[in-house]
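Visitor: Got a structure here, written out as structure tokens. Questions coming.
The values are calculated or read from the model by the stated rules, or taken from the named source; none is laboratory data. None of the values given here were measured: they were computed from a predicted structure. Every residue, glycine among them, receives a Cβ derived from its backbone with ideal geometry; neighbour counts consider all protein chains shown. Areas reflect the complete protein model, heavy atoms only, side chains present, ligands, DNA and RNA absent. Shrake-Rupley method; radii C 1.70, N 1.55, O 1.52, S 1.80 Å.
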Amino acid sequence: MAKKQESDLQRIRAELDGLNMRLLELLNERSLLVEKIGPVKLAAGHRLYDPVREAEQLERLMLANQGPLSNAMLEQIFRSIFRTALSQQTEGGGARAPLVMERGAGSRRVPVGDIAIGGGKPVIIAGPCAVEDEEALDRVAARLKELGVAFLRGGAFKPRTSPYAFQGLGMDGIRMLARAGARHGLKVVTELTDPALLDEYVEAVDVIQVGTNNMFNYDLLKKLGQVDKPVLLKRHFAARMDEWMLAAEYLYAGGNRNVVLCERGIRTFETSTRYSLDISAIGLVKSSTELPIVVDISHAAGRRDLLLPLAKASLAAGADGLMVEVHEHPDVAMSDGAQQLDLEQFAQFMADLRPFLESVNA
Ligand code: PEP
Ligand code: MN
């Protein structure tokens, strides 16, 4: 008799184990939907917690309940499921940047006119720290084109630490960039600091850069979410990965998925380089988001002698592109002279890098 009871017990336990597995599957299926509903609710202007909807769901379940589970027990179980779902949406039980981290390990191609950043050959974005004069910019652009570079960079609105430092040529600089880009068939990348100038940027440039100082400027990010112009979102020099991903989430939440991340070095205790290039960031971005990532080696290093090794390391880690500052005469540049390459040095840099560029994920 004891033997029969023992085998009954084993059978029922096995059945319960089976049911547990089915419940687990269903709970995870539900949790997957919960991950998706948060941003949709917010985008539609709803609050994450809706007690009326919760009461309705419970009522429907109780009316359908045929027992033997009592309605009181059923309520206890489902209230706990609802509470867990809410914390998943509000406390990062799921991804804290759910749209950005929705499709991990993929790589999105961000189209920029007839080319793209991400999912193909790494791109080079080069040009002076700041636009200083049109003829010099034109000569740099011409050389970049000859060297196979596709993107021309240059700051026209320069967010400088000191109010007395060169602040850039403003809209004149933007127009110079646009003309140089058009003349030489280069895409223009430049930083936007003032949301009021967004429409003019959308007209004149190909990729709008958010500089390190503005990664936490949520009003600027919200405005950039409203357009479909590609955005190069630099990491704040003191931003954690999650803060950076949430900055990108602002763009995604507004509807702009043409986002390229840019690692440009973070501030550490080290003073022999301007910042410390966070190579791990490249792998983390690649494994947890679909976004392409470009590495600005110039601002990270702050000195030209380290550019080549940082470029190689970035490409080896999977970067979708590099940003490099190039100036005709770095020694007399209005800003960031120590980290800029002159045209000859840049040509050598490109020659040294060529085998690496060709060997990675073309
Ligand atoms: C720049 O790229 O021109 C620039 C100022 O870089 P960051 O914002 O990374 O300092
Ligand atoms: Mn610079």
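Visitor: Does the range 135-163 hold any residues that are within 16 Å of ligand 2 (Cβ to nearest atom), without any contact (Cβ under 8 Å) to a residue 40 or more places away in the chain and of a type in the set (A, V, I, L, M), and which are they?
Guide: Scanning the range 135-163 gives L152, A156.
Visitor: Can you tell me which residue is nearest to ligand 1 (Cβ to nearest atom) among those in the range 194-224 that are within 22 Å of V324 (Cβ to Cβ) and of a type in the set (S, T, N, Q)?
Guide: The residue in question is T212.
Visitor: While we're on this one: On the given criteria, is V34 under 39 Å from the mean Cα position of the chain (by Cα), surrounded by 13 or more Cβ atoms within 10 Å (Cβ to Cβ) and of a type in the set (V, I, T)?
Guide: Spelling it out, V34 is indeed under 39 Å from the mean Cα position of the chain (by Cα), surrounded by 13 or more Cβ atoms within 10 Å (Cβ to Cβ) and of a type in the set (V, I, T).
Visitor: Determine which member of the set A281, A300, A319 is farther than 21 Å from V149 by Cβ, within 16 Å of ligand 1 (Cβ to nearest atom) and either among the aliphatic types (A, V, I, L, M) or touching a Phe, Trp or Tyr at 6+ places or on another chain (Cβ under 9 Å) (or both).
Guide: A281
Visitor: Taking only the range 248-264 into account, find how many residues are more than 16 Å from ligand 2 (Cβ to nearest atom) and outside any strand (DSSP E or B).
Guide: Selection size over the range 248-264: 11.
Visitor: Please go through the range 278-318 and pick out each residue that is farther than 18 Å from L232 by Cα, open to solvent by 10 Å² or more (accessible area, probe 1.4 Å) and within 16 Å of ligand 2 (Cβ to nearest atom).
Guide: G302, R303, R304, L306, L310
Visitor: Condition (residue is in a helix (DSSP H, G or I) and either touching a residue at least 12 places away in the same chain (Cβ under 8 Å) or more than 15 Å from ligand 2 (Cβ to nearest atom) (or both)) applied to the range 265-276: is it met by at least one residue? If you could, list the steps in order and put the result at the bottom.
Guide: If we filter the range 265-276 for residues that are in a helix (DSSP H, G or I), which is where we start, we get none.
No: zero hits.
Visitor: Another one. Which one is nearest to ligand 1 (Cβ to nearest atom) among residues in the range 225-246 that are outside any loop (DSSP other than H, G, I, E, B) and in contact with a helix residue (DSSP H, G or I) (Cβ under 6 Å, 6 or more places away or on another chain)?
Guide: Keep residues of the range 225-246 that are outside any loop (DSSP other than H, G, I, E, B), which gives 225, 231-234, 241-246.
Among the residues that remain, those that are also in contact with a helix residue (DSSP H, G or I) (Cβ under 6 Å, 6 or more places away or on another chain) are: 225, 231, 233-234, 241.
Working: G225: 19, V231: 13, L233: 11, K234: 5, M241: 16 Å.
By that ranking, first place goes to K234.
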